[in-house]
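Here the structure comes first, spelled out in structure tokens, and everything after it is commentary.
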Amino acid sequence: MDGPGLYPSLTARQNLAALAALRGHDARTAGVDDVLEQVGLTDVADDQARGFSLGMRQRLGLAAALLTKPRVLVLDEPSNGLDPAGKKHVHGVLTRLAADGTSVVLSSHRMDDLQALCSEATILAAGRVVFSGPLSKLAAESRELDYRLLTSDPQAARLLALDAAAIRVVDDTGTRHDADVLVVRAPVPALDELVVRLVQAGIALRELAPLVSPLEAAFLALTEQKETGR
């Protein structure tokens, strides 16, 4: 999407009108203004494409694809170059397309895009499929992850973690965690048990977050296994 065949001297509207003309439609019947509104480019519809940022070109490329009213839409790194507002806007467009029956296929290395948009994923490593299926199966609860815990009593929390089964306190030497932060490595069931024990001990849990998203951890584990096995 970041390199669509745009005419830099034409405006966003003129670029889409030219594409519509190639398909035998005029701009009005092709819905040029409608797709510009969908991707949030109405305010710059009459600006030349040469002055567009990467994110704006991304959105104009998506608008060009929407002109064809596709049944299947294939996108490569759709969030590339988008600021947070633009990313949210494009995600909304893709979600609505999927809800209306369009099959949206994304090629992306961004786990946050997969988490926000996809129901299923296929992971390739060394040219082979190492996983294909629902995201819920990809982020298995049995997989160990590193979690960041901020509690009201870090020393007591550390002792409970050291005493818990299937939990390892991570040596964070060389990292810049606060002294009050505890980093543990655990599967979800063991982490749940630790949280229960913290509450029972009267220790307030103020923050609990994975250092790496479950999807990213699964991706890294699968691709590293494939590379190691070569």
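Values quoted throughout were computed directly from the atomic coordinates according to the rules given, and no laboratory measurement underlies them. Not measured: the values here are computed from a predicted model. Here Cβ is always computed from backbone atoms with ideal geometry, including for glycine, and neighbour counts include all displayed protein chains.
May I ask for the angle, rounded to the nearest 10°, between helix 188-200 and the longest principal axis of the chain, with both axes built from Cα atoms and the value confined to 0 to 90°?
60 degrees
Quick one: if the Förster radius is 45 Å, what FRET efficiency do GLU77 and ARG197 give, using the C-beta to C-beta distance and rounding to 0.05? Don't skip to the end; give the middle numbers.
Values: r = 43 Å, r/R0 = 0.95.
E between GLU77 and ARG197, to the nearest 0.05, is 0.60.
Going highest first, how would you order 188-196, 33-41 by mean Cβ packing within 10 Å?
Numbers: 188-196: 16.4, 33-41: 18.8.
Highest-to-lowest ranking by the protection proxy: 33-41, 188-196.
Projecting each Cα onto the charge dipole of the chain (Lys/Arg +1, Asp/Glu -1 at the beta carbon, about the Cα centre), which of ALA18, PRO84, PHE131 comes out farthest on the positive side?
Sorting the options by dipole projection puts first ALA18.
If you average 1/r across every pair of different Cα atoms in segment 145-216 and take the reciprocal, what Kirkwood value do you get, in Å?
12.2 Å
Compute the Rg/Rh shape ratio of segment 69-188: radius of gyration over Kirkwood radius, all on alpha-carbon atoms.
Reported Rg/Rh (Cα atoms, Kirkwood Rh): 1.11.
ARG23 to ARG143: FRET efficiency via 1/(1 + (r/R0)^6), r the Cβ-Cβ distance, R0 35 Å, to the nearest 0.05?
Working: r = 47 Å, r/R0 = 1.35.
It comes to 0.15.
Report P(r) for segment 12-118: all Cα-Cα distances, bin width 5 Å, range 0 to the bin holding the largest distance, values in whole percent.
Once binned at 5 Å, the Cα pair distances of segment 12-118 give 2, 13, 24, 24, 20, 12, 5, 1.
Give the Cα extents of the chain along the principal axes, in whole Å, largest first.
72, 40, 34
Do you know the Lys pair count in the chain for C-alpha distances under 27 Å, with sequence separation 8 or more or different chains?
Values: LYS69/LYS87; LYS69/LYS88; LYS87/LYS137; LYS88/LYS137; LYS137/LYS226.
Close lysine pairs found across the chain: 5.
Let's see if you can work this out: charge +1 on each Lys and Arg Cβ, -1 on each Asp and Glu Cβ, no other charges. What is the dipole magnitude of the chain about its Cα centre, in debye to the nearest 20?
On the way: 24 positive and 30 negative charges, 127 e Å.
With only Lys, Arg, Asp and Glu charged at Cβ, the dipole is about 620 debye.
Angle, helix 154-163 long axis vs. longest principal axis of the chain, Cα atoms, 0 to 90°, nearest 10?
Its long axis makes an angle of about 80 degrees.
Label points 7 Å out from Cα along the Cβ direction at THR223 and LEU124: separation in nm?
1.2 nm
If each residue's Cβ is checked for other Cβ atoms within 10 Å, how do LEU124, LEU215, LEU22 rank with the fewest at the top? Show your work: numbers first, answer last.
Working: LEU124 14, LEU215 19, LEU22 8.
Ordered by Cβ neighbours within 10 Å, fewest first: LEU22, LEU124, LEU215.
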